[in-house]
Ligand code: TXA
Ligand code: MG
């Protein structure tokens, strides 16, 4: 049985956090909200606990996990952003080096939706990193996530809290739909504000390399650290393990198009039940904002909802090929891939 506990997303109740931290310390699995998507957490320093994540998700062992750190306690009264950066000692529990680029990016974007790939320490079990020499680290910007990590007293390995290749969860109900009975506890902290998984950047090479686009865009990264290399999918296995093309997919086939109305009509004429996701269309559609940030925040929830309906196809018009849409376009492309 998965226990579900409501938690205040801005001021998490200490007794709720304590219960969840007890589950983590006992080697169990806790789903919790972050500012991007819900994560499925386990003690990152316990190979047995982390093995439970792979089993619950049905995740291939070749796909490494992100290790989440808490950063310092929330300052009271608030101190400037620059001083809210996580303690390097916390990062150095899992990383064997903290390159200059990592320090600069963390100073600017942590806590936040940015994951940094750095050399790993021996204390991180091989199962976390798919036996690779690097570890992905992120400090999430969500009070529940940070309180849980702090109370557990250990970094948390946490992928998105969904079965492998399925749609990522941005609401507690999405987690339950996918993982009910497979995990010990779900902290229901309401909807995630960001809606897309973090930007992943490998900072072990001469230039930082973007492994997964996210809400922190390449130009935001470049403002801090100069040139960033791209190469999200075509790179070798060692550089971006787990970048399988099919990922984040609804069960209902998703059709990407340059012209939603034309495609919608074509599919209807084939006798299919069709729904479009967009704005200002002729045929039946579910509204989604044309602002990239709002679109990102609502995309997975909209796809979960349409996937629950009785449709044969979901039609989506591809947003423009501009930097602010890069993460959305990446997820749409993966969601539409059938293998
Ligand atoms: O926003 C997020 O990042 C969410 C929340 C829960 O923090 N987590 C998330 O985890 O999206 P997951 O497991 O669904 O995606 C992790 C990504 C995968 O693409 C994986 O291949 C990559 O990070 N990754 C993890 N460790 C890596 C490593 N050592 N080297 C390269 N890529 C790595
Ligand atoms: Mg995922």
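The values are calculated or read from the model by the stated rules, or taken from the named source; none is laboratory data. It should be emphasised that the depicted structure is a prediction, and the values quoted were computed from it without experimental measurement. No Cβ is skipped: glycine too gets one built from the backbone with ideal geometry, and neighbour counts run over all protein chains shown.
Of everything in the range 82-103 that's loosely packed, with under 11 Cβ neighbours inside 10 Å and farther than 23 Å from residue 205 by Cβ, which residue is modelled with the highest pLDDT?
Within the range 82-103, the subset loosely packed, with under 11 Cβ neighbours inside 10 Å is 82-83, 89, 100.
From what is left, the residues that are farther than 23 Å from residue 205 by Cβ are 82-83, 89.
Numbers: 82: 48, 83: 48, 89: 80.
Once the filter is applied, the top-ranked residue is 89.
Working only within the range 153-184, note down all residues that are within 15 Å of ligand 1 (Cβ to nearest atom) and under 17 Å from residue 93 (Cβ atoms). Steps first, please.
Step one: filter the range 153-184 for residues within 15 Å of ligand 1 (Cβ to nearest atom), giving 155-172, 174-175, 178-179, 183.
Answer for the range 153-184, where residues must be within 15 Å of ligand 1 (Cβ to nearest atom) and under 17 Å from residue 93 (Cβ atoms): 155, 156, 157, 158.
What are the pairs with Cβ atoms under 7 angstrom where one residue, in the range 160-184, is at positive phi and the other, located anywhere, is modelled with pLDDT of 95 or more and away from ligand 1 (no atom under 14 Å from the Cβ)? Sequence gap at least six, or different chains.
181/2
Of all residues in the range 174-199, which are more than 27 Å from residue 228 (Cβ to Cβ), touching a helix residue (DSSP H, G or I) at 6+ places or on another chain (Cβ under 8 Å) and away from ligand 2 (no atom under 16 Å from the Cβ)? Write out each step before concluding.
So in the range 174-199, the residues more than 27 Å from residue 228 (Cβ to Cβ) come out as 174-191.
Filter once more, keeping what is touching a helix residue (DSSP H, G or I) at 6+ places or on another chain (Cβ under 8 Å): 174, 177, 179, 182-191.
Once the filter is applied, which keeps residues that are more than 27 Å from residue 228 (Cβ to Cβ), touching a helix residue (DSSP H, G or I) at 6+ places or on another chain (Cβ under 8 Å) and away from ligand 2 (no atom under 16 Å from the Cβ), the range 174-199 yields 184, 185, 186, 187, 188, 189, 190, 191.
So which of 41, 112 is crowded, with 18+ Cβ neighbours inside 10 Å, outside any loop (DSSP other than H, G, I, E, B) and at pLDDT 95 or above? Write out each step before concluding.
Values: 112 fails: outside any loop (DSSP other than H, G, I, E, B).
Just a single option satisfies the conditions, and that option is 41.
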